[in-house]
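Q: First, the structure itself, so that you have it in front of you.
The values are calculated or read from the model by the stated rules, or taken from the named source; none is laboratory data. Predicted model, so just to flag it, every value in this text is computed and none were measured. Ideal geometry is used to build each Cβ from the backbone, glycine not excepted, and the neighbour counts take in all protein chains shown.
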Amino acid sequence: MTDMEKVIKGLEACSLAGTKDDCIGYGCPYLIYNDEVSDDCQEHMFDDALALLKAQEPITGETSDGYHTFNELYHHRAVLFSVIVANYKDRAWKSVRHHDGTMYDGMFIVGIDTPDGQATYHYDIDPYWDMFDCKVREFAPEWDGHTPAQAIERIGKLKAQEPHWISVEDGLPQEHDTIFAKLYGTDKWRNGMSLKASDDVRVVKVFRDGTKRVHHDHTVDGRWESERKGLDVYGHVTHWMPNPKLPFCTSSPTDE
């Protein structure tokens, strides 16, 4: 019998027995101590239970359920929520301050305003801040009192969104390193090169006479390419939308 099994059996006997004499019938392993009937069986049992508790490994980020550690699950949650945020960019936000200006050391809060209320999480700034492509607020909205259970319930009720126009005030397309980025800071860097650029997207441009037109454009180092090059002197981008995925084709135009 292991120490843990001994303590469990002793606790079960104590919970079922009315008197010490009854413990005999329940087979309490602490009735006999050093080959003698013990008057301090409960004290010995509690000493063993305390020793077992002290011997337990402390719970840390590397504590595992046998499949995943807490750190792995934390990372998985961050990645999955970042995908949700990217798909609801018009509803999402992040901030390094709560509404009252406080924040946990080295952390930020990111949330989505769902039809049923807020759904928020806290993450470490390093490495998760850049993972969340959404609007940055100086202060987060005041907490509406939602619990973790309510947050995940609200997220689960979100409907799949059709492509929709996103205001430039809510953010610009996500940018990625250009082929020139690795040259920055070297003698090979030249004027006209860029560090980052977005994929091509559809944009709404408003002109001086109020006319709105749909064009294609992309951002370069945080600015629309057409505006950066002065190609549309009289118009400016107000909204944008990701391009739809290309259709899946099983044959080429040359196939017979």
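Q: Test of understanding: among 212, 188, 205, 245, which residue is basic (Lys, Arg), modelled with pLDDT of 90 or more and either under 23 Å from residue 91 (Cα atoms) or surrounded by 15 or more Cβ atoms within 10 Å (Cβ to Cβ) (or both)?
A: Numbers: 212 fails: either under 23 Å from residue 91 (Cα atoms) or surrounded by 15 or more Cβ atoms within 10 Å (Cβ to Cβ) (or both); 188 fails: either under 23 Å from residue 91 (Cα atoms) or surrounded by 15 or more Cβ atoms within 10 Å (Cβ to Cβ) (or both); 245 fails: modelled with pLDDT of 90 or more.
Only one candidate passes the filter, namely 205.
Q: In the range 48-74, how many are of a type in the set (A, V, I, L, M, F, W, C), surrounded by 10 or more Cβ atoms within 10 Å (Cβ to Cβ) and closer than 25 Å to residue 7 by Cβ? Let's see the steps before the verdict.
A: As a first pass, look at the range 48-74 and keep what is of a type in the set (A, V, I, L, M, F, W, C): 49-53, 55, 59, 70, 73.
Right, trim to surrounded by 10 or more Cβ atoms within 10 Å (Cβ to Cβ) and you get 49-52, 70, 73.
Keeping just the survivors that are closer than 25 Å to residue 7 by Cβ gives 49-52.
Number of matching residues: 4.
Q: Where residues in the range 60-90 are of a type in the set (Ser, Thr, Tyr) and part of a loop (DSSP other than H, G, I, E, B), which of them is nearest to residue 128 (Cα to Cα)? Walk me through it before giving the result.
A: Keep residues of the range 60-90 that are of a type in the set (Ser, Thr, Tyr), which gives 60, 63-64, 67, 69, 74, 82, 88.
Now restrict to residues that are part of a loop (DSSP other than H, G, I, E, B): 60, 63, 67, 88.
On the way: 60: 20, 63: 21, 67: 23, 88: 18 Å.
For the range 60-90, the residue satisfying everything is 88.
Q: Any residue in the range 91-110 that is under 18 Å from residue 169 (Cβ atoms), over 14 Å from the mean Cα position of the chain (by Cα) and not in a strand (DSSP E or B)?
A: Yes, that holds for at least one residue.
Q: Run residue 136 past the list (1) loosely packed, with under 11 Cβ neighbours inside 10 Å; (2) modelled with pLDDT under 95; (3) under 27 Å from the mean Cα position of the chain (by Cα) and report the number of the one that doesn't hold.
A: Evaluating residue 136 over (1) loosely packed, with under 11 Cβ neighbours inside 10 Å; (2) modelled with pLDDT under 95; (3) under 27 Å from the mean Cα position of the chain (by Cα) leaves (1) as the failure.
Q: Hey, any hits in the range 138-160 for a residue that's outside the structural domain of residue 13 (by TED's automatic domain parsing) and within 23 Å of residue 222 (Cα to Cα)?
A: yes
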